[in-house]
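For reference, the structure discussed in these notes is given below.
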Amino acid sequence: MEIQLELNLKQKLATRLGTLIAASLVYFCFCCDTAVASVIFAALLGLLLRSPTFVFSLVMTAQRDIMALQRFLALNLYLLKRDRGGFTIARCFQQLSRAQPQKACFVMDDRRITYAEALLLSEKVAGFFSGQGLQRGDCVALLMETRLEYPCIWLGLSQLGVITALINSNLRGESLLHSIKVANAKALIIGSELMDVLQSLIEKEQLPCLPVYQYTDKELRTIPGHELLPGAVDLSAALATQQAMALPASSSAEEARSKLLYVYTSGTTGLPKAAVITNLRFLFMAAGTFYMLRLNRDDVVYNPLPLYHTAGGIVGVGMALLNGSTVVLRKKFSAKNFWLDCSRNDCTVAQYIGELCRYLLATPYTPEQQHHRLRMMYGNGLRPQIWSQFVRRFSIPQIGEIYGATEGNSNLINITNREGAIGFVPVYGRKIYPVQVLLCDEETGELLKDPRGHCIRCRPGEAGLLVGKVDSRRAVSAFHGYADKGASEKKLLRNVFAKDDVFFNSGDMVVCDILGYFYFKDRTGDTFRWRGENVATQEVEAIITNCVGLEDCVVYGVEIPHVEGKAGMAAIVDPGRKVDMDYLSIMLRGSLPAYARPLFIRLLDEIPRTATFKLKKRELANEGYDLTRLSDPIFYLNRDGVYRHLSRDQYKSLQAGTAGL
């Protein structure tokens, strides 16, 4: 009896202490100076645990975590209000447009469209397609290059509850056909600049029987090559005379969680998959960036990215549709004009993805590159190896690196300008935050488990698989998958820490340090094993790229008959065949351990890539070093550590297993 009373007393004390700390956190976040709140915050949580490492980490990150918690609470309050109010993206935009009708919404070249004009156009789109018989739940494929009207078209369709499939405008043939079919599109809207792409499918009788609506810009209507396709409806002319159809007075919570868009994954490992984006998911992605990075309505955001992808079409466009900022668009990214555009349009924030920063660094230096008003650049994929160089050369005060897949829920963001980090999780929240890092085989990605059959969390400094816990009740951790339910199931991990729990598999290998910062290491499957060691391709790529003047480079593993593991091979873009192999040999010897140096180097004119600049490795890995199939120069790492042309005799020895590997 006494033991039971003691246990009950301890439970009550623990509960009261937890309540006190929780209440104190909320109070300090909103009522105290950040520095004061940080000290109190560290002291309170320090009472709970006596680990020196934990206390050190807590003190070092307290100010960061207070700032993040303030922003995260504000974001969640915004999402909660929108969710419970049944706000769709269309309703959010309507509210903004009525508040600031004459403000520029989108700008491109010498054209601009105000919030009032964008709202009117979207309402005309809704009115027109309502008359065409489209209903809630139907899907329309949108195949169009970047233009001011692009977001207005899918916004108008969303007012009817119609899902828009944002088709990659660079797709051709089988990939294009697959994208239209997998979305089960009931109609197709196409820009006149892409009519030849559609015409080729029609001529081959591959296009499904569905209505086609062609949009042609005013200035292009009289230019040859932009004539109306046979059987197509002239959408531009129809909208010019169409009456606007206003949104209903109210909407339900169900509408706020309904499907809004299909956004296709990049297709680096096969045909594109249509990821489901709901209204609430769009809200989270765009508002999350806005709140966590502290953007504001007065910002002018430069968005040179394609609008059919998440970065440009949601995180970029969302700054206008949800947050009231002006967004400057560009039809196609140009390294030469990037800084000129920013300066000309008085941009205060700009977006980047992946390799764009490297392309900017590769341009010749001009003083005009620092004549801008940018206070921040945000995006994903800025490599740590060029981070500081990029920031210094172009005078960028803050980098907001964002981590997250189109369809995923493993979301992280770097709000502290920490060089190389993709985000962080507070040290006290590692076990409760939905994002976790699991111990796995780096080569295969196979998860390692404890004797009970549960997955194992990585300790600081250990590389592991990044996963996100799925909770459909919360916008932060919901997973809506793909249009193809079978593909959705393949991305899920079950019974990870407990029976019936579900996690999203990001497919990315990351490392977390003792302060809770995360660093991207590699994609699972990209890491390969050679000489008994794991080789992380991104690290090797970064070193080679710096050696060859920031040219494109990919590293992958290739199989050699009769040899265990995979040998490294690098493909370098070098159309002029100017790479100095002697210099590269010396640099790699001094920068990489023997097992990480590529055994083969291939020079080619260009590397196949996706429309979002991701380099495709699978095709190159399949081609390997086969001299009977390839005409590109292939170099082989000889025993003296120097790369020389792979000879026919050496190739035969490799195939016969007599090369001494």
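Identify, by number, the condition in (1) of a type outside the set (V, I, T); (2) within 29 Å of the chain's Cα centre (by Cα); (3) open to solvent by 30 Å² or more (accessible area, probe 1.4 Å) that L604 doesn't meet.
(3)
Of the residues that sit in segment 477-520 and are in contact with a Ser or Thr (Cβ under 8 Å, 6 or more places away or on another chain) and open to solvent by 40 Å² or more (accessible area, probe 1.4 Å), which one is nearest to A256 (Cα to Cα)?
Filtering segment 477-520 for residues in contact with a Ser or Thr (Cβ under 8 Å, 6 or more places away or on another chain) gives 478-482, 504, 506-509, 514-516.
Now narrow it down to the ones that are open to solvent by 40 Å² or more (accessible area, probe 1.4 Å): 480, 514.
On the way: H480: 14, I514: 39 Å.
Looking at residues that are in contact with a Ser or Thr (Cβ under 8 Å, 6 or more places away or on another chain) and open to solvent by 40 Å² or more (accessible area, probe 1.4 Å), I get H480.
Pairs, please: C-beta under 9 Å, at least 6 apart or cross-chain, first residue not assigned by the TED database to the domain that holds V510 and in segment 378-395, second assigned to a helix (DSSP H, G or I) and open to solvent by 30 Å² or more (accessible area, probe 1.4 Å)?
These pairs meet every condition: R383/Q538; Q385/E539; Q385/I543; Q385/N546; I386/N546; R393/Q370; F394/Q370; S395/Q370.
Scan (1) open to solvent by 30 Å² or more (accessible area, probe 1.4 Å); (2) at pLDDT 90 or above for the single condition T53 breaks and write down its number.
(2)
For segment 96-189, list the strands (runs of 3 or more DSSP E) that sit wholly inside it and hold at least 3 residues that are touching a Cys at 6+ places or on another chain (Cβ under 9 Å); which are they?
Values: elements: 104-108, 111-114, 139-143, 163-167.
In segment 96-189, 111-114, 163-167 are the strands (runs of 3 or more DSSP E) which contain 3 or more residues that are touching a Cys at 6+ places or on another chain (Cβ under 9 Å).
Quick one: is E145 under 25 Å from the mean Cα position of the chain (by Cα), within 27 Å of V327 (Cβ to Cβ) and surrounded by fewer than 20 Cβ atoms within 10 Å (Cβ to Cβ)?
Values: under 25 Å from the mean Cα position of the chain (by Cα): yes; within 27 Å of V327 (Cβ to Cβ): yes; surrounded by fewer than 20 Cβ atoms within 10 Å (Cβ to Cβ): yes.
It is true that E145 is under 25 Å from the mean Cα position of the chain (by Cα), within 27 Å of V327 (Cβ to Cβ) and surrounded by fewer than 20 Cβ atoms within 10 Å (Cβ to Cβ).
Residue under question is R344, and the condition is that it be more than 27 Å from A405 (Cβ to Cβ) and free of Cβ contacts under 8 Å to residues at least 12 places away in the same chain; does it hold?
Values: more than 27 Å from A405 (Cβ to Cβ): yes; free of Cβ contacts under 8 Å to residues at least 12 places away in the same chain: yes.
Yes.
Take the residues in segment 569-590 that are closer than 14 Å to L637 by Cβ and of a type outside the set (A, V, I, L, M); name whichever of them is least open to solvent (accessible area, probe 1.4 Å).
Per the stated criteria, the residue is S585.
Does R602 count as in contact with a Ser or Thr (Cβ under 8 Å, 6 or more places away or on another chain) and either without any contact (Cβ under 8 Å) to a residue 40 or more places away in the chain or of a type in the set (D, E, K, R) (or both)? Before the answer, list the steps.
Numbers: in contact with a Ser or Thr (Cβ under 8 Å, 6 or more places away or on another chain): no; either without any contact (Cβ under 8 Å) to a residue 40 or more places away in the chain or of a type in the set (D, E, K, R) (or both): yes.
No; evaluated as a whole, the condition is false for this residue.
Hey, among E401, E419, which residue is within 19 Å of the chain's Cα centre (by Cα), of a type in the set (D, E, K, R) and in a loop (DSSP other than H, G, I, E, B)? Let's see the steps before the verdict.
Numbers: E401 fails: in a loop (DSSP other than H, G, I, E, B).
Testing whether each residue is within 19 Å of the chain's Cα centre (by Cα), of a type in the set (D, E, K, R) and in a loop (DSSP other than H, G, I, E, B) leaves just E419.
Restricting to helices (runs of 4 or more DSSP H) lying wholly in segment 277-367: which have 3 or more residues that are of a type in the set (F, W, Y)?
Details: elements: 279-292, 318-321, 338-344, 356-361.
Counting at least 3 such residues, we get 279-292.
C458 is checked against (1) under 22 Å from the mean Cα position of the chain (by Cα); (2) in contact (Cβ under 8 Å) with a residue 24 or more places away in the chain and fails just one. What number does that condition carry?
Result: C458 passes all but (1).
The values are calculated or read from the model by the stated rules, or taken from the named source; none is laboratory data. All values derive from a computational prediction rather than experimental measurement. Please note: Cβ atoms are built from the backbone with ideal geometry, for glycine as well, and neighbour counts cover all protein chains shown. Side chains included, ligands, DNA and RNA excluded: accessible areas come from the protein's heavy atoms. Shrake-Rupley method; radii C 1.70, N 1.55, O 1.52, S 1.80 Å.
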